[in-house]
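Please treat every number below as a calculation from the coordinates, not as lab data. The model shown is predicted, which means the values in this text are computed figures rather than measured ones. Positions of Cβ are backbone-derived with ideal geometry, glycine not excepted, and every protein chain shown enters the neighbour counts.
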Amino acid sequence: MKPVRLPAAATRALPRLGLIALCLLYILPGLVGRAPWKIENDVSSFGIMWSMAHGTVHDWLMPHIANLSIPQEGPLTYWIGALCIKLTGWLIGDDNAAHIANFLFFALGASSIWFATYTLGRRSEAQPLKLAFGGQPEPHDFGRTLADGALLIYMGSLGLLVHSHFTSPTTLLVALIGLTLYAVIRLFDIQPKQSRVSYKYALVLGLALGSLVLTRGYLPPLLLWLTCVLLAGSLTNHCLNGQQPQLVIQCHQQLLSRLVVITLPVALLIVASWFFACMLADPSHYMDYVTGWLSWNRRELFRPSYDSFHYFIKYSVWFTWPAWPFAGWAVYAWRKQTTALHIALPLSFCITLTGLALCSPHAEQSSLIPLLPPLAILAAFGLPTMKRSAINAVDWFSVTSFSIFAIFIWLSWIGLQTGWPKQLHYNAVKSMTGFTVQFSLPTFLVALIATLGWLKLVHWRISRNPAVLWRAVVLSSSGVIMCWLLMMTLWMPWIDYRISYQALAHDIAAKLPDNYRCVDTNATKAQRASFAYFGAIRFAGTKDTNCDYFLIQRHQPKPAYYPDTTTQPIWQGNRVADKDERFMLYKKAD
């Protein structure tokens, strides 16, 4: 028996303008008016995009950061960011132009999750039980409400918040996972007689998987494709949906043929096209780059280790909040219908991506973020089955935690501006020598309006106690958006000053003459990209062996051509907010 019994009033739609406004308030703060941050995945990815936008065809096909080859992951994220820089960089600046790609990635991921959930929510096996005297929701109303809930859960996921504002492959990765889910759902939702439509979505799935290869390597899309093949051969009722049982075999055969004959070749063709273009652009060196890319992909799959398991257990709970409680409840509530498409498909993706995270050699957040799209879709189907007491507990947790965090943000900002409270003022200004406190009336008003909007939403939830399904997650997502908006308005100058290399890059560039050959360095990718962009410093490439300057960072491995007795130090310094990260600039003796 289905676990869902709802009146039509519970599926009242969330206002479209309100949903769009939440999406814009989520993604725009943190993209506009900031420099690339020292965080590795932000400034290093921007450095590749910037090098492409101002380089040759070779730079586009074989990504690098200021002559440092980057054969990891893939070039697709950087292509899109570089194209945004080429088209709009002259108008809004290269760093702001690169962030347009983040907006596009978020729009792709959010719309894919919404339409994927909407498609599943309209299927007959997902519908609520019919009430004795009628009044149950229509399929399209039920599907739309679930889709709204999935999108709110997706935006409310704590792990997505920061990553969606970085110019890194991770932002495109999560969007393409959502697109892959949507294409698979539409492919499995097609009836046997709709062959033309199934061809179209098999092609879209191939494009999504091929794009994933050019974003994060071949391992994630390969495992997702194998998951689709296993689902097509194992599910026995996903394609019935009102059809005759004898059509099951025909449905399975069609799905498998589409996955093997259309999806896989299209994905392979996309990757082969990149390899072929690299060969045409640089016949003598392209194999070195391709070999480096293939080697990086082989290193991505390790057997499960204690480190990866420990990291997953320690961080996945908060990283995937609030999706995982609703998703876990959905699996339990629908445990007698686990072969239904709306449970089996997102659950299978979750299992595959969890296994991939546990086998990852890197204990980092990028291994957890692919879990968010399938978890959000699965969690949406837990909303109509949760008890009122559980929903109230989630709501009160959201109200309490986000309100306390917002109060702390405001008090700290007041302390920064006025000197009171003294301890908060001290915590904000220590190790920030040279920082000038700024007050901006427009950003203050935006932060104030966001806070008042949060209070209004909390009052609406408490006073009216609405019965709509999305009430369970609207506070979680709105609280995340409100706190992020406060940070990106009140604290943006402080954050920019603290985690940007802009001032340091200018100091180093001022010590270099106009006619120097190159600078060899042991700086990280993020530092190299920052110095090249902010200071226009020319770094050594793989073939350069005669640089006349050396930039050395302590606590990093020595570069290939380390300064010796023929060099002399001409400058040393560090970022104001980091006393341990010291740099020294040497000049080779004449």
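Data overview
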item	result
Spin-label model distance (nm) - Ser305 vs Thr418, 7 Å beyond Cα toward Cβ	5.1
Residue exposure sequence - Ser500, Ser45, Ser198 - by fewest surrounding Cβ within 10 Å	Ser500, Ser198, Ser45
Total formal charge among the other residues, if their Cβ is under 14 angstrom from that of Ala126, Lys/Arg +1 and Asp/Glu -1	+3
Between segment 321-346 and segment 275-308, the Cα center-to-center distance that results, in Å	36
Normalised convex hull volume, segment 456-559, alpha-carbon set, Å³ per residue	166
Partner lysines for Lys387 [C-alpha distance under 18 Å; skip if fewer than 8 residues away on the same chain]	Lys2
Residue-span extension gain [Asp514 to Glu364] - 0.36 nm each, minus C-alpha spacing	50.0 nm
Antiparallel %, DSSP beta bridges [both residues in the chain], to 5	80
Per principal axis, descending, Cα span of segment 466-506 in whole Å	57, 15, 8
In range of the label at Phe397: residues from segment 297-330 whose backbone nitrogen is under 18 Å from the point 7 Å along Cα→Cβ	313-330
Percent of C-alpha pairs per 10 Å bin, segment 1-151, short to long	10, 29, 21, 16, 14, 8, 1, 0
Cross-link partners of Lys200 among aspartates and glutamates (Cα-Cα below 13 Å; sequence separation of 8 or more within a chain)	Asp189
Relative contact order for the chain, counting Cα pairs under 8 Å that sit 6 or more residues apart, in percent	19
Cα-Cα pairs of segment 303-450 separated by more than 27 Å (percent)	49
Order of Met287, Met52 - criterion: other Cβ atoms within 10 Å of each residue's Cβ, fewest first	Met287, Met52
Neighbour-limited loop hits for trypsin sites (Lys or Arg not before Pro), segment 333-438 (at most 16 other Cβ within 10 Å; DSSP other than H, G, I, E, B)	Lys387, Lys430
Computed helical MRE - 222 nm, the chain, DSSP H runs ≥ 4 contributing -39500 (n - 2.57), nearest 500	-20500 deg cm²/dmol
With eigenvalues of the C-alpha gyration tensor scaled by 5 and rooted, the chain, Å	45, 33, 18
Percent breakdown of C-alpha pair distances by 5 Å bin, ordered from the shortest bin, for segment 388-498	2, 11, 20, 20, 15, 11, 9, 6, 4, 1, 0
Partner lysines for Lys579 [C-alpha distance under 29 Å; skip if fewer than 8 residues away on the same chain]	Lys38, Lys422, Lys430, Lys511, Lys525, Lys558, Lys587, Lys588
Approximate shape of segment 370-432 as ellipsoid semi-axes (Cα gyration tensor, √5λ), whole Å, largest first	39, 16, 6
Relative contact order [Cα under 8 Å, 6+ residues apart], segment 388-498, whole percent	40
Packing rank of 204-213, 457-466, where each peptide gets the mean count of other beta carbons within 10 Å, highest leading	204-213, 457-466
